[in-house]
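One structure is given here, and the rest of the page talks about it.
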Amino acid sequence: MPGQLRGSGHRWGRAGGARLLPGVPAAGGALVVLVASLLVGTPSYGSRVPADIVTTVVGDGAHAYTANGVGASAALLGDPLTAAVDPAGDIVVPDQNDNVIRAVAGSTGTAYGLAMTKGDIYTIAGTGVGGFGGDGGPARAAELWGPSGVALDGAGDVAITDTINDEVRFLPHATGVYFGVYMVSGNIYDVAGDNQDGYFGDGGQATAAMLSGPDGVTFDAQGNLVFADTNNDVIRLVVQNTGTDFGHSVVEGDIYTIAGNGTFGYSGNGGPATAAALDLEPLSGVAVDGAGNLVMADGINNVIRVVAGSAGTYYGIAMQTGDIYTIAGNPTGGYSGDRHPAAAAEMADPMGVAVDSSGDILVADSTNSVIRMIAAFTGVYDHMRVRAGDIYTVVGDAAAPGYGGDGGKPRRASLNGPTGVSVTPTGELLVADNGNNVIRRVGPPEPVVTELLPGSGTSAGDARVVIKGRDLRGATSVVFGSTPATSFVVKSATKIIARSPAEPAGTVAVVVTSPAGSSQGSYTFTG
């Protein structure tokens, strides 16, 4: 799989001296804060990347429902618990108390059947009335009740845990057959649960099974759905593709328990996951790493556990297919162990989990009001030297929970009971700052172009052009009109030196783009 550069400031790399690491796709979901570049697996973006800052991007802290088309930072949310980003860059949020699924448009255009404006928020599923109805029909005409989990796959399909309805529901991106059922794009479908609370149905059709309070959800590499059936203290699998998963022979459309024995407790390490006792807590985050292992937050036990997808050594432990292992924390709740082995650390009510493209595990250590990271490799992580297997706080300050730090460094920010964390396809981290009822972003600021020197040159091109501005580090492209610069070098946060391409006479926009956004100036080709 593609590697990830671990450079001297960020994983987005540096000019030299970086180390190539094996990639692991992101997974998992939980409430919202966007932490771009802190973790994930996009390519190296040139010389050096700026340190992250914290910004609130969705919500103003109030609990209410905001109509469609309102700017996301002014939107009112109803205690969302999870979020994910689709391939188009839209942030998808289960707005739990408002009984809807919402999307913040990553760009202006049409998505989920709606005309959207970049940065505004829209309802894509649910009417706002709590209830159960609408399967097989338009998603915005359906009723949900307390949806708490959401996951998206690479195709843009959306999975939702409709928690109070004891259902898992599905919004297909394209019309086709999913989980053995023909589905139409824009409509909503039940893929697990029969709207009755209970624990029943393993080995049979998923839509005839009984669930109890499902919440955390993710897709695995086979396209199967993995979710926490929280009140039953088990992790279950809904099968998209017949085959073998976590050591079980599985059939399309059926449901299986892959971890937990249905009783709460803490037992079973080193043995079959289905014989282990778990003690799950809403929101129980789940993720699948690049090797196909299930990573879960066993929240009331204050630990992170792994179910091996295949035999091998993972996280420093020799594992057997289908067996369960604790890799971080211990049943004593607390806050300790940073910069030391994760297995000896203390956490308090861990909820959301995610895995970045380097294999690092992110944990929403909820009661401690921080996001922690279990390092997959020895190296440098966000300006911090890390050692494989150790645990580190990467967002938030456990000594100062609350709401603060926008515009500053992640480890100086204040969070309030984050319930989850997920890593986006483009390398961003979503963290749910649940106690503050907002979605925050941690990532490099958008570039700002202020001046081009000189502002003109001949149409033959190959002129040396100095682009001045702010936050220019991490630029991935410089384009003159419709033609990329012949070359460019990022010299600092305030200067890029580019070589102009050949272009016809006229004035064109010069657009500088980074993972955080783009900005432009103008340049005149004189003929």
Margin query: If I model a spin label as a point 7 Å beyond the Cα along the Cα-Cβ vector, how far apart are those points for K468 and N195 in nm?
Written below: 6.6
Notebook entry, point to check: In terms of the ratio Rg/(2.2 N^0.38 Å) built on C-alpha atoms, what value belongs to the range 396-527?
Noted result: 1.38
Next item on the list: Determine the sum of side-chain charges near A105: Lys and Arg each +1, Asp and Glu each -1, restricted to other residues whose C-beta is under 11 angstrom from that of A105.
Entry: -1
Margin query: Counting only other residues whose beta carbon sits under 11 Å from that of N301, what net charge do I get with K and R as +1, D and E as -1?
Written below: -4
Checklist line | Modelled FRET efficiency - R0 25 Å, A141 with A221, Cβ distances, 0.05 increments | finding: 0.15
Margin query: At 1.4 Å probe size, what's the solvent-accessible area of H383? Round to the nearest 10 Å².
Written below: 110
Note to self: Once each part is reduced to its C-alpha centroid, what is the distance from the range 432-469 to the range 140-166 in angstrom?
What the structure shows: 36
Check: For Y178, which sequence-distant residues (separation of 5 or more, or a different chain) have an amide H within less than 5 Å of its own amide H, given hydrogens modelled in the peptide plane?
Finding: M183
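Apply 1/(1 + (r/R0)^6) to the Cβ-Cβ distance of S107 and A311, taking R0 = 51 Å, and write down the FRET efficiency to the nearest 0.05.
Here the calculated transfer efficiency is 0.75.
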Note to self: Run the numbers for N68 and A88: contour at 0.36 nm per residue of separation, minus the present Cα-Cα distance, in nm.
What the structure shows: 5.3 nm
Next item on the list: Quick one: which residues, 5 or more positions from E281 or on another chain, have an amide H under 5 Å from its amide H? H modelled 1.01 Å from N in the peptide plane, none for Pro or chain starts.
Entry: G299, I300
Check: Of [x] 25.5, 98; [y] 24.7, 81; [z] 23.2, 78, which one was derived for Rg and Dmax of the Cα atoms in Å from the structure shown?
Finding: [z]
Note to self: Report the rotationally averaged projected area of the range 332-454 based on its alpha-carbon convex hull, in square nanometres.
What the structure shows: 9.0
Note to self: Multiplying the sequence separation of S459 and T242 by 0.36 nm and subtracting their Cα-Cα distance, what value in nm do you get?
What the structure shows: 72.2 nm
Checklist line | Residues whose placed amide H lies under 5 Å from that of V386, excluding near-sequence neighbours | finding: G379, V380, Y381
Margin query: In the range 430-455, whose amide N lies under 12 Å from the spot 7 Å out along Cα-to-Cβ of K495? List them in ranges.
Written below: 453
Margin query: If the reach is capped at under 20 angstrom between alpha carbons, list the aspartates and glutamates near K468, excluding any in the same chain fewer than eight residues apart.
Written below: E446, E451
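The values are calculated or read from the model by the stated rules, or taken from the named source; none is laboratory data. Only a predicted model underlies this, so the values are computations on that prediction, with no experimental measurement involved. Methodologically, a virtual Cβ is constructed for each residue, glycine included, from the backbone with ideal geometry; neighbour enumeration extends over all protein chains shown. To get the accessible areas, we keep the full protein, side chains included, count just its heavy atoms, and leave off ligands, DNA and RNA. Shrake-Rupley method; radii C 1.70, N 1.55, O 1.52, S 1.80 Å.
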